[in-house]
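Nothing in this text is a laboratory measurement; each read-out follows from the coordinates by a stated rule. Worth saying up front: this structure is predicted, and the values here are computed from it rather than measured.
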Amino acid sequence: MNRMRRRRLDLDISQAELSKRTGIIYSTVSRIELGIIRGTPEQRRKLARILRVRISDLFPRDENEDAKPIHK
């Protein structure tokens, strides 16, 4: 199980709810979670914000993005 899915399930959030909260299309959320795509930097920031973790916690190769401000 990947990090994003594990965190989402820990918070008891469905993919549909995550899609709604982030404004990211459901199929894109699913594809990111499955590792088919990485998503845009903005999508990764939104996902990390809603899942209340650092970007690098979900996407380990993105440590440098943690320093970027999150715009609401």
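Structural remarks
- Here the gap between Arg52 and Leu34, fully extended at 0.36 nm per residue and compared with their Cα-Cα distance, gives a gain of 4.5 nm.
- Computed over region 3-56, the Cα gyration tensor eigenvalues convert (square root of 5λ each) into semi-axes of 14, 12, 11 Å, ordered from largest to smallest.
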